[in-house]
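Let me begin by presenting the structure, written as structure tokens, before commenting on it.
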Amino acid sequence: MFTFYTRRFEVKMKGYLSLRTQAPSRKGTVLLSYITAPFLVASTEDAFQRHTNYWECIDIASIFLEEGYDVDVVDWNQYQFTPKKPYRMVIDIHGSLPRFAPFLPPECIKVFHITGAHWLYMNTAEYKRLIALQQRRGITLFPRRQVPPSLNIETADCGTSLGNAFTFNTYAFSGKTIHPIPISTTHTFDFPETKDFSQARKKFLWFGGGGLVH
């Protein structure tokens, strides 16, 4: 419980969270620009009951801690944060790599952890669907899933992604290597190749979040 409140205080005061490795030899510090929330809940079990990105953040940090690296964790939208340490590696999920780059040592490895298709594809797709809805229903909705433009993939040395070949292809123009990571789920299922979409079109259960038109 003391650690729980100490970490909350640390994030409040510094804007980021520092985790220290217990490995015999310390290899340096990794910066994880994702979310701090998974490390601020009362228990790991509680964290695993939330969005899967809680699980991912805890695992990413745990791997580096086990390998002998300290880990600093900052929220991806903490725009006031500026790197002040000689980080060995930086992992970012959105658009902070260009902002971080001038403050990083030349040997620092910059990784773009990709959680969706390229922002140009994503934003265009949402507008196309909003236009199609407007033409069908005669109403105009505001976009709700627009991704801020960034040069993250251009700045990164490489990428990691939970996506599939389609997702990777939206970044192919960059020429950067993208390493696939198994999606954080307890079960996976093969795509039903013989599915009859004409029959299933009005018989389905939809799970979704904000921005349903997208």
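The values are calculated or read from the model by the stated rules, or taken from the named source; none is laboratory data. Just so it is clear, the structure is predicted and the values come from calculations on it, not from any experiment. FYI the Cβ positions are ideal-geometry reconstructions off the backbone, even for glycines, and counts take in every protein chain you see. Just so you know, the surface numbers come from the protein's heavy atoms only, side chains and all, with ligands and any DNA or RNA stripped out. Shrake-Rupley method; radii C 1.70, N 1.55, O 1.52, S 1.80 Å.
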The one condition Thr170 fails out of (1) modelled with pLDDT of 95 or more; (2) under 28 Å from Phe103 (Cβ atoms); (3) open to solvent by less than 80 Å² (accessible area, probe 1.4 Å) is (2)
Let me confirm something: among Gln146, Gln134, which residue is polar (S, T, N, Q) and modelled with pLDDT of 95 or more? Gln134
Under the condition of being aliphatic (A, V, I, L, M) and open to solvent by 100 Å² or more (accessible area, probe 1.4 Å), which residue from segment 184-212 is nearest to the chain's Cα centre (by Cα)? Leu212
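Determine, yes or no, whether Leu97 is touching an Asp or Glu at 6+ places or on another chain (Cβ under 8 Å), within 20 Å of Ile109 (Cα to Cα) and at pLDDT 90 or above.
For Leu97, the condition - touching an Asp or Glu at 6+ places or on another chain (Cβ under 8 Å), within 20 Å of Ile109 (Cα to Cα) and at pLDDT 90 or above - is not met.
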